[in-house]
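Have a look at the structure below, then the notes.
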Amino acid sequence: MRILMLGISGIASKRPLDWLLQFGYTVWFIGESDLYEKETPINYRFIPSILRKVKLKQNKSGDLSEAEIEDLRPTQIEQLHQIVREFKPNIIHAHGFCFEVECCAIADIHPFIFSVWGYLSLEETVQARLDRKLYPVLKAADALIVESQAIVEKCQALVQPCPKTELIPLGVDTQHFRPYNGENVDKARQLLRIPQGAKVLLSPRVWYSYYRHQEILEAFAIAKPQFTHPTILLFILAIRGYSIEEIKSYYENFYKRAEELKISKQIYYLPEMPHDKMPFVYSLSDAIISLPKTDALASTLLEASACSKPIITVLHPSYKGTFIEEFCTLVKPNDTGDLTANLAAAMVKIVNQPEAECSQCLAASRQVVIEQYDETIMQRRLFQLYQELCK
C-alpha cells in the first residue's frame, strides 16, 4: 500500500511513519524537515514542501509573513496534485495542522485522513481563532484520528455531518517503556550528582511557558520545607518550534527566579534526550510532573505510567475517563483555586509517601496502559482504518 503523509515533522508523525515502514508500506512524506535525514529506509521518500524550498532559497530560518505564505498556496496545491499523479497513493494522511495540510484540504485529494493531534484542546481564545482555519480541513477529511473521547465530541460539535472519527492515540511501546532499576540507574544518579537517598521530581515536557515550568518552580519552593527527604527538581531542556531568543529569555527568567527562591541548587537539568532513551530518564526519577495549560492525551503520561512512575498532573477534559483520572495525582486547575499551592501539596504527598503504599496502584496503572494503550493496538486500528478507506 502507498501512503502519502504530510504535515508537521515530529515524534507524533514519526512514530506512525515508523510503523508503516516497518510493516512494508511505501511512504512519501511532504514537510519542512526530513524525519530520516541520517539513514533513509528503502520504502521512504522525503519531498520538501514549497515552504521549505522557499526558505532554503532565501536562506531564511524563521517564518515567512502571512502574505508570503498566502502567495505560495497555488504552488503548494499544484505540488500536491503532481505528487498524487506520480505516486498514486492509496491514502493521504495529514498529521497536525499547518499550511501544507490546509492546501491538501483545498486540493480535494482522497482518501484523506487528518490526525487532529491536540488542536481541539487549546485554550478557548486560541481555539476560537483556529476553528475557522481548522473547519475546512475537518470538513474535507474522509476520516479523523483523535486521541481522546473529549476531542471526538469537539469534532462532532464543530463539523456536521462529522467525518468518520477514530480514537487512535499514539500509545506506547510497553516492552520498551517499563520499570528499570539496578546498578546503571544508580551510576547515572551519581554522575548527575544527585544526593544519595534523594527523591527526584521530573518535568519532561517541552521547555516553554505553555507547560508552566514557572508554576512548578514556585510550587517546589512552597513544598520544600515539608519534604521528609532531600528532593531534586529535574527538567529536560527540550526545545522545539520556538526561537532561540524566546527560549533564552524563558530560561534566564526561570533561573533568576530559582535564585530568588534560594532553590537553584535543587534544580537540575538534562539536555533533550532521544525518544528511545526516555525510559532510562524516567528510571532516574521518583515522580513525573506534567502541567500543560491544555492537552490532548499526552504520550508522556502513557510512557511514565508504563514505567510505573507516579504522575502529578491537571485533570484536563481530554483526560476524563482515562487511566489518568483513575491513577494519577490530580491538582485543581487555576479556576478552582491556587494552582501552585495545590501542586505543592501534591508534591509533598508524593515525596513523603512510602513506596510500598503506592506500588500496587502503579502496577495497576501499568497494566491498564498495557491492555488499552500498547502501540500494537494502535497500529492495528490505524491499518484497519486504511483498509476500510481503500475499499
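The values are calculated or read from the model by the stated rules, or taken from the named source; none is laboratory data. If you're wondering where the values come from, they're calculated on a predicted model, not measured in any experiment. Because the Cβ atoms are built from the backbone with ideal geometry, glycine has one as well, and the counts that use them run over all protein chains shown.
Here is how the numbers come out for the structure above:
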quantity: From 303, 272, 259, residue being of a type in the set (Asp, Glu), touching a helix residue (DSSP H, G or I) at 6+ places or on another chain (Cβ under 8 Å) and either under 20 Å from residue 209 (Cβ atoms) or at pLDDT 90 or above (or both); calculated: 303
quantity: Of all residues in the range 30-45 being assigned to a strand (DSSP E or B) and over 14 Å from residue 18 (Cα atoms), the one that is modelled with the highest pLDDT; calculated: 30
quantity: Residues of the range 60-79 that turn out to be modelled with pLDDT of 90 or more and within 20 Å of residue 47 (Cβ to Cβ), as a count; calculated: 8
quantity: Test: residue in the range 292-307 that is farther than 18 Å from residue 369 by Cβ, in contact (Cβ under 8 Å) with a residue 60 or more places away in the chain and not hydroxyl-bearing (Ser, Thr, Tyr); calculated: yes
quantity: Count of residues meeting criterion [over 22 Å from the mean Cα position of the chain (by Cα) and assigned to a loop (DSSP other than H, G, I, E, B)] in the range 1-29; calculated: 4
quantity: Criterion violated by residue 118 - all others in (1) surrounded by fewer than 24 Cβ atoms within 10 Å (Cβ to Cβ); (2) under 17 Å from residue 46 (Cβ atoms) satisfied; calculated: (2)
quantity: Qualifying residue in the range 25-43 (condition: closer than 16 Å to residue 76 by Cβ, touching a residue at least 60 places away in the same chain (Cβ under 8 Å), among the β-branched types (Val, Ile, Thr) and touching a helix residue (DSSP H, G or I) at 6+ places or on another chain (Cβ under 7 Å)); calculated: yes
quantity: Identity of the residue in the range 46-63, in a loop (DSSP other than H, G, I, E, B) and more than 18 Å from residue 92 (Cβ to Cβ), that ends up farthest from the chain's Cα centre (by Cα); calculated: 59
quantity: Subset of the range 300-319 [in contact with an Asp or Glu (Cβ under 9 Å, 6 or more places away or on another chain) and among the polar types (S, T, N, Q)]; calculated: 313, 318
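Conditions (1) out of contact with any strand residue (DSSP E or B) (no Cβ under 8 Å at 6 or more places or on another chain); (2) surrounded by 15 or more Cβ atoms within 10 Å (Cβ to Cβ), marked per residue:
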residue	(1), (2)
316	yes, yes
319	no, yes
329	no, yes
349	no, yes
355	yes, no
363	yes, no
370	yes, yes
